[in-house]
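> One structure is given below, represented as structure tokens, and several questions about it will come after.
Where a number appears in this text, it was derived from the coordinates with a stated rule and is not lab data. Source: prediction; values computed, not measured. Heads up, the Cβs are rebuilt from the backbone with ideal geometry, glycines too, and the neighbour counts pull from every protein chain shown.
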Amino acid sequence: MRIYCATTNPGKLREFRLAAHGVEILPLPDLDKTPECPETGDTFEANAIQKALYHSARVPDLLFAEDSGLEVRSLGGAPGIYSARFAGAAASDEDNNRLLLERLDGVSDRSARYVAVVALASGGSLVRTFRGEVAGEILDAPRGRGGFGYDPLFYYPPYGRTFAETSADEKLAVSHRGAALAALFRWLAETSSK
Ligand code: ITT
């Protein structure tokens, strides 16, 4: 089985492929030449659906897009859907992490969660969505070199490490993206065997 995926984020694409177990994940052709999909929703679900529908009309097969982010309790759920552009439209992961540490300076409640929503579409219509979450804590300095985005600050208590200090397999086994993708691939396997 093959499925297209619409993402501009190489960190996400690596994790999609790792989770796929035999399903071929095809990046969208010419994604870099396609005008970027506007993300105007106010939930992860709305943005994942918007991205999937925007790109789905261009390919003959199933396609999925994913919207994800970090919600920090003491920041009222920020950066949330704005995670990729927390420190500005062209922000790097380092810029976003620096701003997060500034906002949490002196704050004792460091609890947070990652959320991922995958939207599956076909021929320009939504098929369904799949959601995953994982709870952790934000450290006061980065640790580790793996993963991407906020991973050096995202401490996962059951491992006693940040996601940037875990292997890609260990992260995927417990992560928001791992849970959403496991649900997607389980659903695809069940549906194709009917
Ligand atoms: P696409 O929309 O093209 O897929 P994007 O990076 O713009 O790529 P999002 O709008 O969904 O995607 O933003 C996701 C951001 O949330 C991502 O850039 C990170 O800052 C953060 N994030 C999500 N999952 C993460 C993870 O597993 N580890 C670290 N940071 C993560």
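> Tell me, what is the percent relative contact order of the chain, built from C-alpha pairs under 8 Å that lie six or more residues apart?
Relative contact order, the chain: 19 percent.
> What is the percent of Cα-Cα separations in the stretch 1-105 that go past 15 Å?
67 percent
> Can you compute the charge dipole magnitude of the stretch 116-194 about its Cα centre, using +1 on each Lys and Arg Cβ and -1 on each Asp and Glu Cβ, nothing else charged? Give it in debye, rounded to the nearest 20.
300 debye
> Send over the per residue convex hull volume for the chain, Cα only, as a whole number of Å³.
Taking only Cα atoms, the chain has a hull volume of 113 Å³ per residue.
> For the residue pair Glu94 and Thr40, what label-to-label distance in nm results when each label sits 7 Å from Cα along the Cα-to-beta-carbon direction?
Distance between label points: 3.5 nm.
> Can you list the residues, at least 5 places off or on another chain, whose amide H is less than 5 Å from the amide H of Arg161, using H built in the peptide plane?
Residues meeting the amide H criterion: Tyr156.
> In debye, nearest 20, what is the charge dipole magnitude of the chain about its Cα centre with +1 on Lys and Arg Cβ and -1 on Asp and Glu Cβ, if you could check?
I would put it at about 460 debye.
> Which of the trypsin sites (Lys or Arg not before Pro) found in the stretch 62-162 are in a DSSP loop and have at most 15 neighbouring Cβ atoms, other than their own, within 10 Å?
Arg143, Arg145
> Taking every pair of alpha-carbon atoms in the stretch 120-175, what share in percent sits in each 10 Å bin, from 0 to the bin with the longest distance?
Taking all Cα pairs of the stretch 120-175, the binned fractions are 23, 43, 16, 15, 3 percent.
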